[in-house]
Amino acid sequence: MHNPDLDLAADPEAGTATPPAPLYLRRSGTALLIDFSTGEPALLHFGADLGPNLPDLSLLRDPVPHSALDTPVTLGLVPQASSGWRGRPGLRGHRNGRAFSPRLRLASADVNDAGSAVITQIDPAAGITIQTEIRLNEGGLLQLRHHLTNDGPDEYTVEELAAVLPVGRAATEILDLTGRWCRESHPQRLPLHQGTWVRSGRHGRTGHDASLLLAAGTGGFGYGHGHVWAVHLGWSGNHESFVDTAGDGRTVIGASELLGSAEVTLASAERYDTPWLFAAYSGAGLDGISEAFYAWFRARPHHPGVASGKPRPVVLNVWEAVYFDHRLPALLELADAAASLGVERYVLDDGWFRGRRSDTAGLGDWYVDEQLWPEGLTPLIDAVTGHGMEFGLWVEPEMVNEDSDLVRAHPDWIAGPALHPGTGASGGARLPERWRHQQVLDLVNPEAWQYIYDRLDALLRENRISYLKWDQNRDLTEMGHAGRPSVHAQTMAVYRLLDALRAAHPGVEIESCSSGGARVDLGILERTDRVWGSDCNDALERQTIQRWTGMVVPPELVGSHIGPTTSHTTARTHDLSFRAITALFGHFGLEWDVRGLEPAEHTELAHAIALYKEHRSLLHTGRMVRADEPDPALRLHGVVAHDGSEALYALVSTATSFAEVPGRVCLPGLQPGSRYRVEAVYPDPDDSHAFIQTTPPPWLGTGIEASGQFLAMSGLPMPVLNPEHGVLLAVRRADDPANGGQPVRNS
């Protein structure tokens, strides 16, 4: 709905316009307040709901201290020096070195009853217009992005256009994530001091060390307590996220695309769109941040299972079973073994296309290898689908090997700096350093883009493929097209490619893998159906990786597989129960040669798969809870149904404990007044590998009934777990109608 009160007929500073009413958005306990009385959209508040009635905001202006500007400094929607802001500016740009300091003023604001607004600011002297879209979604997740239009006759260069939000004065700590290959999404904390904390990602992709979440909060904030403000930039290219505390004590949190030199130069009337900034506030710790993100994801009409009602299938990926050894008899045996276990999706990984016997050659030649597959993929696909499983295929469309027919025919399709003319690969230009024997295919080139689209489209039309594992295995170092930096354009080209293929093949799901978790962001997840959290299937490493990836991304979108007994990437050995309990809290699957399992191992694995199928509806719709355990060797996490009817928790031991026994461990998130039955469902209480104790707590073998309040406040005595083991607890309301409305008695 258009709000005429928010139109400015003239410059308010000239005294000819009525100050517009404030913009006040409220949903799910979160509020955003923007004041227009100075002629500039001023960010007054983002955080807890302030209630229905606002005071006179003109009486709340900050005082003017000595040795300062003569008027209070405005923190604008686009912070700018022309309003006295001395922190990090919201816009950096120029016209050949001029028009470097914008003075944006409100032109209009359109407010929608559904919790969204579009605010327009102009600077006629600089010749720019910025429109800002704002959405406050059900669940309390805020989205914000800018659109900058060049109104002038000559070029305008955008160096940075950031989206920022204010942080409450109570925040004293910063938390973000970092990592590396096979160790993604690990948290780090530091005190919030005056100045700027910046995390820069220059990988050309999101990056293994990317901060999936940047948060500021009250001292010691945890999973279930504290006030937290958090942001995520929905972008798969270069980016920066930051917390900036100015000298006047105000703090902002925000992010922006990190642009290369003259990477975005707008001709007259051209527009630059920033990525979406996603932001959440919680007065109940980090779990509240997750709840806001999960609600947004699950409300999307294209979210997996929303329209189809189809549950997330059990996956078998063949990579760690056969690697590049693609022989049909072995792959058929794997299909038979997978089907016998209850697998529902079979994925053929790297090695099926022309010239691909190792990772040194073939990338770019997206034709089924006639020598390996004289009848094409049809015999394998027929066997897989004959078992009732879906068939999936691995591709890496954005990369090429120099040893490929594609590069031999089109050396100029390799992206790079293009510094020197010549006659060699890429026209003799200096190529970027190789990474896993790869170069980047220049998808900004329309011919290269069309080639990749045509090849993938043909594969999907000619074969019964239900799923693509879309990999991207290197950083985009020295990313360039026609001699100019092109990370922005390459990222947009990848988005267009994914969008076009999804439109042409709407029934095909796509996984985003990027040498594990190097491209996990809401930009790529708008176009894909899950991400691969890490190339590491070691259950101990995955406990941390999945816990913190899951801070933003719900479990149904994070691939989580049971790997071999001894990990491919760490050489650690783990019992099946620990590997299975870890994998359950994600989109569950296997990456393991399951052809030669011992009978007992086959039985246990089939049981784990059945447990996933039994609980996947809960796991992929419920509310994630995590406990702030005082013992660093213990971790508890779980998923609780929104109606409080059931829950599933995992208690895991990651190391030896300082205490002889774990003591009572609390189960958060249940309804205090309801009565519940708690049972240990995996592994067997008599499993000597998992438990190290003379006598277990009595309830472990029988189950126990207790109120939700008792379980949350007093908890249950837990078994003594060996390091790198876990126990799975199933909880159901004792008077649940599924039990005939009768309380469930202890056996």
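Rounded to the nearest 0.05, what FRET efficiency do THR695 and ALA125 have when you use their Cβ-Cβ distance and R0 = 60 Å? Intermediate results must be reported in sequence, preceding the final value.
Details: r = 80 Å, r/R0 = 1.34.
After rounding, the FRET efficiency stands at 0.15.
From zero outward in steps of 10 Å, how is the percent of C-alpha pairs of the range 91-153 spread across the bins?
For the range 91-153, the pair-distance distribution reads 21, 43, 24, 11, 1.
Over the range 4-299, with a single point scatterer placed on each C-alpha, what log10 of the ratio I(q)/I(0) does the Debye formula yield at q = 0.11 1/Å?
Values returned for q = 0.11 Å⁻¹ are -0.65.
Place +1 on the Cβ of every Lys and Arg and -1 on the Cβ of every Asp and Glu in the chain, take the dipole about the Cα centre, and give the residue among PRO329, LEU214, ALA608 whose Cα lies farthest towards its positive end.
My answer, from the dipole projection, is LEU214.
Kindly put THR582, THR702 in sequence by how many other C-beta atoms sit within 10 Å of each C-beta, fewest to most.
Numbers: THR582 27, THR702 11.
With the fewest neighbours first, THR582, THR702 line up as THR702, THR582.
Using only Cα atoms, locate the centre of the range 659-735 and the centre of the range 512-556, then give the distance between them in Å, rounded to an integer.
The range 659-735 and the range 512-556 have Cα centres separated by 29 Å.
Place the peptides 330-337, 299-306 in order of packing, highest mean first, counting for every residue the other Cβ atoms within 10 Å and averaging per peptide.
Numbers: 330-337: 18.2, 299-306: 13.5.
Most protected by this proxy first, the peptides run 330-337, 299-306.
About its Cα centre, how strong a charge dipole does the chain have in debye, to the nearest 20, once Lys and Arg get +1 and Asp and Glu get -1 at the Cβ?
1000 debye
Once the piece of chain linking ASP684 and ALA267 is laid out straight, how much longer is it, given 0.36 nm per residue of separation minus the C-alpha distance between them?
Values: separation 417, 0.36 × 417 = 150.12 nm, distance 6.79 nm.
Between ASP684 and ALA267, full extension yields 143.3 nm more.
Quick check: convex hull over the Cα atoms of the range 48-134, volume per residue in Å³, rounded to an integer?
Working: hull volume 12.9 nm³, N = 87.
Residue-normalised Cα hull volume stands at 148 Å³.
Compute all pairwise cysteine Cβ distances in the chain, then list the cysteines with no distance under 4.7 Å to another cysteine.
Among the cysteines of the chain, those whose Cβ sits 4.7 Å or more from every other are CYS513, CYS666.
If I stretch the segment between SER617 and GLU433 completely, what's the gain in nm (0.36 nm per residue apart, minus their alpha carbon distance), one decimal? Walk me through the numbers before you get to the answer.
Working: separation 184, 0.36 × 184 = 66.24 nm, distance 4.56 nm.
Taking SER617 through GLU433 to full extension adds about 61.7 nm, to one decimal.
With the crude spin-label approximation of a point 7 Å out along Cα→Cβ, what separation in nm comes out for SER308 versus ASP151?
Each label point lies 7 Å from its Cα, and together they span 4.8 nm.
How big is the charge dipole of the range 31-153 about its Cα centre, in debye rounded to the nearest 20, if each Lys and Arg gets +1 on its Cβ and each Asp and Glu gets -1 on its Cβ? Please report the intermediate quantities before stating the final value.
Values: 10 positive and 12 negative charges, 141 e Å.
Value, rounded to 20: 680 debye.
Provide the gained length on full extension for the span GLU370 to THR477, in nm with one decimal, where the gain is 0.36 nm per separating residue minus the Cα-Cα distance. Before the final figure, lay out the partial values.
On the way: separation 107, 0.36 × 107 = 38.52 nm, distance 3.39 nm.
Length gained between GLU370 and THR477: 35.1 nm.
Quick check on the chain: helices-only [θ] at 222 nm, where DSSP H runs of length 4 and up contribute -39,500 (n - 2.57) each and the sum goes over total residues. Nearest 500, please. Working shown, then result.
Numbers: 12 runs with 132 residues, N = 747.
About -5500 deg cm²/dmol.
Report the Cα-based extents of the chain along its three principal axes, largest first, to the nearest Å.
Answer, in whole Å and largest first: 83, 72, 44 Å.
Just rank LEU161, LEU277, fewest to most, by other beta-carbon atoms within 10 angstrom. Working shown, then result.
Values: LEU161 23, LEU277 26.
If I rank by nearby Cβ atoms, fewest first, I get LEU161, LEU277.
Please state the charge dipole magnitude for the range 4-299, taken about the Cα centre, from unit charges on C-beta atoms (+1 on K and R, -1 on D and E), reported in debye and rounded to the nearest 20. Don't skip to the end; give the middle numbers.
Details: 22 positive and 33 negative charges, 169 e Å.
In debye, rounded to 20, the range 4-299 gives about 820.
Just going by the charge dipole of the chain, with Lys and Arg at +1 and Asp and Glu at -1 on Cβ, which of LEU648, ALA583, TRP373 is farthest out on the positive end?
Highest projection toward the positive end goes to LEU648.
Just order 32-44, 529-541, 55-67 by mean Cβ neighbour count inside 10 Å, highest at the front, would you? Provide the component values of the computation, followed by the final result.
Details: 32-44: 21.8, 529-541: 24.2, 55-67: 9.1.
Going from most to least packed, we get 529-541, 32-44, 55-67.
Read the figures in this text as sums done on the coordinates, not as results from a lab. Being a predicted model, the structure only gives us computed values, none of them experimental. Cβ sites come from the backbone with ideal geometry, for glycine too, and all protein chains shown count toward neighbours.
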